[in-house]
Amino acid sequence: MVCFSSVTAGSSLGSWVSSAGGSTSVLSAVVSSEVSVSLMERMMRGWCRMGDRHARDVKATEEKLCIDEGEASRNKAMPRDQTTRTTMIMNCLATKAISTIRPAFTRGIHATTTSTAKVAVLGAAGGIGQPLSLLCKLSPEVDELSCYDIVGTPGVAADLSHIPSKSSTLGRLPSPVKWPMGPNEGLKETLEGADVVVIPAGVPRKPGMTRDDLFNTNASIVKTLVEGCAQFCPDAMIAVISNPVNSTVPIAAEVLKKAGVYNPKKLAGVTTLDVCRANTFVANSQGWDPKDVDVTVIGGHAGITILPLFSRVNGAKFTDEELEALTVRTQFGGDEVVAAKAGAGSATLSMAYAGFVFAENVLKALRGEEVTQCAFVESSLTEAPYFASPVKFGKNGVEEILPLGELSAYEKQWLDKMMPELKKQIQKGIDFVNK
Ligand code: LMR
């Protein structure tokens with residue numbers, strides 16, 4: 001896992017260590033400049049302590065670092081000239097510091113690039129999966145990208161692999177059925193070592209359908225894929241995009257519970273597109289830049305279960321009619337896209353963007369940054385066992401579900417209205433696994 005939790009300290013230290021590279025020439029140049037020697041010494045000792053702390057379990061640094069600056073200055077062979085003496089002392093300190101810091105720092109980099117940032121996309125050849133995989137391939141947070149689908153992933157991965165970004169790219173299909181039955185090697189390879197699994201797999205809506213109408217097909221798809229997660233990456237954060245999210249997240253939870261690996265901190269439904277839509281619509285209505293807006297959207301991810309809290313948007317002014325129109329447009333933004341696509345599916349590009357924002361935020365949180373974003377998670381904020389609200393993510397996934405705070409009378413009325421619907425859709429997911 002990440003050793004140097006402070007990115008700033010880590011990177012400046014890293015560039016210093018690598019530029020010094022074990023030689024002391026850089027340091028000598030620094031010392032002969034105007035920099036105060038005692039300041040340099042203090043910095044060196046600080047770095048040594050830092051390296052020591054983070055390298056505790058590195059065999060090479062088990063021996064306690066002991067800098068005896070007096071030893072060098074007491075040495076009779078020391079030159080009298082102050083600049084040369086100072087340079088020698090600092091060179092001695094630098095050599096010790098570098099040998100201490102480098103193993104720990106290298107371990108930090110190695111861990112970050114090889115084990116803490118693997119993203120698996122399940123359904124990667126689909127309408128959401130392809131642009132989502134592209135965005136992941138471009139992200140500096142991703143070191144390994146694993147694409148899995150029932151068709152097309154070798155091509156998707158080959159295509160993505162020509163993009164000059166740091167992540168490696170793997171494309172896998174389910175392994176052919178054989179006898180005796182063994183594990184799905186394609187899914188196994190995709191999932192092993194994954195930190196975040198994003199699931200957009202499944203069929204999209206056609207005009208006139210609700211998300212719930214997708215249940216019969218997508219429920220089994222999600223169930224099968226999450227069974228794979230339970231087997232091959234039980235500690236990964238699972239981010240569910242497949243609709244109906246209000247039911248597929250409980251399905252995933254029940255599957256994980258049956259496998260004995262359920263951790264509510266590591267499962268979330270992606271509701272980020274509702275936030276994106278609310279931000280865009282409110283910014284347009286106020287003549288603002290959408291990037292300056294962050295609307296809290298609570299509830300679930302289907303029709304009236306989506307509730308944007310526009311009363312909390314500082315400085316926004318709307319009439320009651322405008323507020324109603326914005327609320328309903330956010331709730332039914334998905335339907336707007338389904339209608340415009342006229343039978344060719346539902347939102348893919350904006351959903352891929354939203355899924356990527358969510359996944360990238362989770363990756364940042366897993367490596368130590370604190371991130372707050374709305375997500376549909378197991379929750380005790382309301383009478384619904386799963387609920388979307390602002391959630392603090394950290395190294396362990398969901399760290400804290402923030403309190404809902406005061407809702408306006410208008411919002412309260414929507415919350416009451418959504419509750420039976422939301423609870424019914426959640427129960428449907430739970431029953432599907434336990435029938
Ligand atoms: C969306 O919000 O656009 C997605 O959930 C897809 C859909 O069916 O509306």
I need a count of the residues in the range 288-346 that are in contact with a helix residue (DSSP H, G or I) (Cβ under 6 Å, 6 or more places away or on another chain) and farther than 22 Å from residue 389 by Cβ.
1
Among residues of the range 363-406 being outside any strand (DSSP E or B) and basic (Lys, Arg), the residue farthest from residue 417 (Cα to Cα) is 367
Residue selected from the range 148-195 under the condition of a type in the set (A, V, I, L, M, F, W, C) and in a helix (DSSP H, G or I), by the criterion most open to solvent (accessible area, probe 1.4 Å)
158
Out of 226, 255, 198, I need the residue that is open to solvent by less than 30 Å² (accessible area, probe 1.4 Å), among the β-branched types (Val, Ile, Thr), within 15 Å of the ligand (Cβ to nearest atom) and at pLDDT 95 or above. Which one?
198
When you check residue 291 against the structure, is it without any contact (Cβ under 8 Å) to a residue 60 or more places away in the chain and either away from the ligand (no atom under 16 Å from the Cβ) or open to solvent by 30 Å² or more (accessible area, probe 1.4 Å) (or both), yes or no?
yes
Residue 326 in contact with a strand residue (DSSP E or B) (Cβ under 8 Å, 6 or more places away or on another chain) and open to solvent by 10 Å² or more (accessible area, probe 1.4 Å):
yes
Take residue 216 and decide whether it is part of a loop (DSSP other than H, G, I, E, B) and either surrounded by fewer than 23 Cβ atoms within 10 Å (Cβ to Cβ) or within 11 Å of the ligand (Cβ to nearest atom) (or both).
no
Does residue 255 satisfy being of a type in the set (A, V, I, L, M, F, W, C) and touching a Lys or Arg at 6+ places or on another chain (Cβ under 6 Å)?
yes
Just one of (1) of a type outside the set (Asp, Glu); (2) open to solvent by less than 10 Å² (accessible area, probe 1.4 Å); (3) within 16 Å of the ligand (Cβ to nearest atom) trips up residue 280, so point out which.
(2)
Cβ pairs under 8 Å, 6+ apart or interchain, first in the range 332-345 and modelled with pLDDT of 95 or more, second more than 10 Å from the ligand (Cβ to nearest atom) and not small (Gly, Ala, Ser), ordered by first then second residue, are 333/281; 336/329; 338/207; 339/207; 342/207; 343/207
Near pairs, Cβ below 8 angstrom, 6+ apart or cross-chain, from the range 236-260 (within 11 Å of residue 218 (Cα to Cα) and small (Gly, Ala, Ser)) to any residue that is more than 16 Å from the ligand (Cβ to nearest atom) and open to solvent by 10 Å² or more (accessible area, probe 1.4 Å):
247/428; 247/432
Check 204, 264 and return the single one that is within 28 Å of residue 157 (Cβ to Cβ) and of a type outside the set (Val, Ile, Thr).
204
Going residue by residue through the range 234-242, is there one that turns out to be more than 10 Å from the ligand (Cβ to nearest atom), within 21 Å of residue 257 (Cβ to Cβ) and open to solvent by 40 Å² or more (accessible area, probe 1.4 Å)?
yes
For a quick check of your reading of the model, give me the residue pairs whose first member lies in the range 214-229 and is assigned by TED's automatic domain parsing to the domain that holds residue 244, whose second is open to solvent by 20 Å² or more (accessible area, probe 1.4 Å) and more than 14 Å from the ligand (Cβ to nearest atom), with beta-carbon atoms closer than 8 Å and at least 6 apart or on different chains.
215/428; 215/432; 219/432; 223/432; 227/259; 228/184; 228/188
Of residues in the range 312-323 being over 18 Å from residue 413 (Cβ atoms) and either within 10 Å of the ligand (Cβ to nearest atom) or open to solvent by 30 Å² or more (accessible area, probe 1.4 Å) (or both), the one nearest to the chain's Cα centre (by Cα):
314
Is it the case, given these coordinates, that residue 299 is at positive phi, touching a strand residue (DSSP E or B) at 6+ places or on another chain (Cβ under 9 Å) and within 16 Å of the ligand (Cβ to nearest atom)?
yes
So which residues in the range 338-354 are within 6 Å of the ligand (Cβ to nearest atom) and either of a type outside the set (A, V, I, L, M) or surrounded by fewer than 20 Cβ atoms within 10 Å (Cβ to Cβ) (or both), if there are any at all?
346
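The values are calculated or read from the model by the stated rules, or taken from the named source; none is laboratory data. All values reported here derive from a predicted model rather than from experimental measurement. Positions of Cβ are generated from backbone atoms using ideal geometry, with glycine treated the same way; all protein chains shown enter the neighbour counts. All accessible areas refer to the heavy atoms of the entire protein, side chains included, with ligands and DNA or RNA removed. Shrake-Rupley method; radii C 1.70, N 1.55, O 1.52, S 1.80 Å.
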